[in-house]
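Notes to accompany the following structure.
The values are calculated or read from the model by the stated rules, or taken from the named source; none is laboratory data. A quick note: this is a predicted structure, and the numbers were derived from the prediction, not measured. So basically every Cβ, Gly included, is an ideal-geometry build from the backbone, and we count neighbours across all protein chains shown. What goes into the accessible areas is simple: the full protein's heavy atoms, side chains included, and nothing from ligands, DNA or RNA. Shrake-Rupley method; radii C 1.70, N 1.55, O 1.52, S 1.80 Å.
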Amino acid sequence: MDVDLIFKIAAVGIIVSILNQVLERSGREEQATMTTLAALVVVLMIVVQKIADLFDLVKSLFNF
Amino acid sequence: METLLKICAVCVICGVFCAMFRRYSPGITILVSLLCGAAAGAAALHMFSPVLDFLKRLQKLTGMESAVFSPLLKTAAIGILAEISGAFCQDAGEAALGKIVALCGTILSTVCLLPLALLVLDLLQTMIGG
């Protein structure tokens, strides 16, 4: 079971939330939003790939 | 057993992480939860393959067509996917989407079982002599 990716994305989440807080407290709310959005898009690209792999596995196991 | 322990440990750690960071970045916590669910699901499905091999052997022994067993497997897969996807939509706060996914799963399961129902209908017609 590949857990490294989960922990990497959790680390990205922690970094993004810290950056978000720092930028918001500095008064740079637009940059905070852009940073969060960029991180979200990157993580979504990775997750979609893994979800596609899961669906392929289900298709092959259950004879779709 | 080791795989189950790994799945439990990873899911618990992921749950704690999501609870802690939901307030700060809800989008990424949902994605982390989704990734963890996908990884755990993939690991669980790999453990399921001996059961599927047993079912294939059973099918060969009984001599029944794959048209009888295949809808059962497809319905099981549709049910699992619809249930889990609906739960993730509800976790993301989109209860309506979750219900729609569940409804689509029900409709598709019914469509999958239609060939089996037609076989039964043909058998009944043969027996009744209609």
Here the relative contact order (percent) of chain B, from C-alpha pairs under 8 Å and at least 6 apart, is 20
Taking every alpha carbon pair in the range B:1-49 and sorting the distances into 5 angstrom bins from 0 up to the bin holding the longest one, the percent per bin comes out as 5, 22, 28, 19, 12, 8, 4, 1
Roughly how much of residue B:99 is accessible, in Å² to the nearest 10, using a 1.4 Å probe? 130
Label point 7 Å out from residue A:64 along Cα-to-Cβ: which residues of the range B:73-97 have amide N under 18 Å? B:73-89
Starting from the eigenvalues of the Cα gyration tensor, five times each then square-rooted, give me the equivalent ellipsoid semi-axes of chain A, largest first, whole Å. 34, 12, 5
Which order do B:1, B:47, A:45 take when ranked by solvent-accessible area (1.4 Å probe, heavy atoms of all protein chains), largest first? B:1, A:45, B:47
Angle in degrees between helix B:66-91 and the longest Cα principal axis of chain B, rounded to the nearest 10: 20
For the Cα atoms of chain A, what angle does the longest principal axis make with the long axis of helix A:4-25, in degrees from 0 to 90, nearest 10? 20
How large is Rg over Rh for the range B:13-129, taking Rg from the Cα atoms and Rh as the Kirkwood inverse mean of 1/r across Cα pairs? 1.15
Just grab the label-to-label distance for residue B:23 and residue B:64, each label 7 Å out from Cα along the Cβ direction, in nm (one decimal). 5.5
Computed E for residue B:100/residue A:31 - FRET, C-beta separation, R0 45 angstrom, nearest 0.05: 0.80
Treating the angle as unsigned and between 0 and 90°, give the value, to the nearest 10°, between the Cα long axis of helix A:29-61 and the longest Cα principal axis of chain A. 10
Using the Kirkwood formula over every pair of different C-alpha atoms, what hydrodynamic radius in Å results for the protein assembly as shown? 19.4
What is the total of Lys pairs in the protein assembly as shown with C-alpha atoms under 20 Å apart, excluding same-chain pairs fewer than 8 positions apart? 8
Using the beta-carbon distance between residue B:12 and residue A:19 and R0 = 35 Å, what value does 1/(1 + (r/R0)^6) give for FRET efficiency, to the nearest 0.05? 0.85
Net charge of Cβ neighbours under 13 Å - reference residue A:10; Lys, Arg +1; Asp, Glu -1: +1
Rg/Rh over Cα atoms for the range B:71-114, Kirkwood Rh, comes to 1.04
Under 4.7 Å Cβ to Cβ, no partner at all: give me those cysteines from chain B, in residue order. B:8, B:11, B:18, B:89, B:104, B:112
The range B:1-67: relative contact order as a whole-number percent, Cα under 8 Å and 6+ apart: 32
